[in-house]
1. Within 10 Å of each Cβ of B:141-147, how many other protein chain Cβ atoms are there on average?
2. In peptide A:96-105, how many Cβ atoms from other protein chains are near each Cβ within 10 Å, on average?
3. Show me, for the range A:138-151, the HN-Hα J-couplings you get by feeding each phi into the Karplus relation (A = 6.51, B = -1.76, C = 1.60, θ = phi - 60°), rounded to Hz, glycine and proline as x.
4. Between B:ALA68 and A:HIS250, how high is the FRET efficiency from 1/(1 + (r/R0)^6) when r is the Cβ-Cβ distance and R₀ = 45 Å? Nearest 0.05.
5. If the convex hull of the alpha-carbon atoms of the range B:122-190 is projected onto planes in all directions, what is the mean projected area in square nanometres?
6. Out of all DSSP beta bridges with both ends in the protein assembly as shown, state the antiparallel percent to the nearest 5.
7. Which whole-number percent of Cα pairs in the protein assembly as shown have a distance greater than 42 Å?
8. Would you kindly derive the ³J(HN,Hα) couplings of the range A:160-171 from the backbone phi angles with the Karplus curve 6.51 cos²θ - 1.76 cosθ + 1.60 (θ = phi - 60°), listing them in order in whole Hz, with x for Gly and Pro?
Amino acid sequence: MNVSETNVIELDRATIRISGRSILADTSFAIRRGEFIGVLGPNGAGKTTLMRAILGLIPPSAGSLRVFGNTPQRGDPAIGYVPQVRTVLPDLRVRGFDFIASSLHGERWGMPSLARADRKMIDATLVSVGARDLAERPLSEMSGGERQRLLLAQALLGEPRLLLLDEPLIGLDYRYQEAVIELVRRFARDRNITVLFSAHELNQLIGVLDRVLYLGNGHAALGTVAEVVTAPVLSQLYGADINVVHADGHIFVLSRGRDVERADHLHDEGHDHEHHHA
Amino acid sequence: MLEYDFMRNAFVAAGVAAVVSGLVGYFLVLRGQTFAGHALGHIGFAGATGAVLIGVAPVWGLVGFTVAAGIAMGMMGERISGRDVAIGIVLSLALGFGLLFLHYYTAFATQATALLFGNVLAVDRSMIATLIGLGVITLGGLAAIMRPLIFASLQPELAEAKGVPLRFVSTAFLAIVALAVSESAQIVGTLMVFSLMVGPPATAQRLATGLWSGLALSAGLAMAEAWLGIAIAYYTDWPVSFCIALLSALGYFVTCGSWLSHRSPFRAGGATEEKPRPLSP
């Protein structure tokens, strides 16, 4: 098996720019099949932009980006995606089944129609993430955790080989966060799916991730937690003096005594996200 | 009452317009774009009065102006509801133009009332043919874009990632809404298009959570309200548009009330936990 077959995502000296700003400059790395990658970095570092580039929505302005060995194509059915910005109309009374069924061949023209096999697949996927009961319930009556479960089921439809999950833990309470992480881990491992999972907090993911991709300041660092989550690497990415403190099996990333990840997270709850797409 | 020709015409015309309005309106409500639909009605008023001024049938002025305005709104941006101020200003400007056109066509006062508030009892055979023709085009267009429209309405971010051309779908949809507004305006008038295009779909979405059941219910409710409204008007001598608007409002608030009463306020909290985020500009 040659290298391009085992690498799901390859960046070769790629530059990705969005509204005149370099999110990644001259960056190279490769993500192998079946890896669970935690994507971290300060707000605005480009976690969302990187995922949108992988989806084929933003072509690199220099260098190359390859997904499954090819230039990414918009609408690739092999990629399951849960966007970070999830516009949910507050009064949407559509039932869960119809909500996720809308994504199946949703880009085709004409009237929506579902083959019996499609219905079976949706049912089976809902069962596999323990969301069968959400099929008949209207979205307006679901909690944030239930909606997230539904969106995960949707991303898993059609047996994707790559999952891009953009901040799937935001807005969920701790119990649901653990459940979502465990669900993704089990699903990905059983089916050898590659996962990019962006998050604010490293600690929750430490037990499940294979490698971590830290973004910041136009650069990226990919490696094991021990390799990447170190004071020198993070100081460069954050453009500030960073201390990494290990305590009680947890890792804290501190800048002048402040917990950066937590500060980011609090900031996030109060305001809109900086790394919105264009 | 069906022994009168004008009553039979009224029922046919109202039935056609109601089904079209109920189906298109379902998506208007689903997308949270009802204000855009309202604005298109006002813009249609200017179109209709302007058409009369230059000697064209008002319905074609209505169609021309609303479709042009719908396409313009669609090209302005994906989430038109975020541009309420601009729409509001254009809306009153359109009404102002309508007034100006009326000013130069002074013999037009009764027809102005008909345009603003509808006059379904004056519909003739040729208008019915026009309504059916427009209706077929409207529903044909809706059927052609329905699948990506549903996807883009429910999950715009994901739809974009999967290759749905959001801007095009949104623009095509507003052009379809414009045609439906033109139909609806023939029955209930440009000022009261909400009673057929928003009332029945909003009621249907309260009652049915499936897409197909919701669509069918929306069209059925619109037709029932339109026909019942005409019947009530026949026996009471009240204006037809008032009766339809009354039924539309009744339907909506009755379902709202019954839905709220059996919904625990504590369960509602969970649903608001995730606030809707606006799309980026």
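Quick note: the coordinates plus some simple rules give every number you see, no bench work behind them. For clarity, every value in this text was computed on a predicted model and none was experimentally measured. Cβ coordinates were reconstructed from backbone atoms using ideal geometry, including for glycine residues, and neighbour counts include every protein chain displayed.
1. For this peptide, the per-residue mean of nearby foreign Cβ atoms is 4.
2. Partner Cβ neighbours, averaged per residue: 5.
3. Listing the rounded values in order: x, 4, 5, 9, 8, 7, x, x, 5, 5, 5, 4, 5, 5 Hz.
4. Step by step, r from the Cβ atoms, then E = 0.15.
5. Computing the convex hull of the Cα atoms and averaging its projections yields 5.1 nm².
6. Taking every DSSP beta bridge within the protein assembly as shown, about 65 percent pair in antiparallel fashion.
7. Everything past 42 Å amounts to 31 percent.
8. x, 9, 9, 10, 10, 10, 9, 6, x, 8, 4, x
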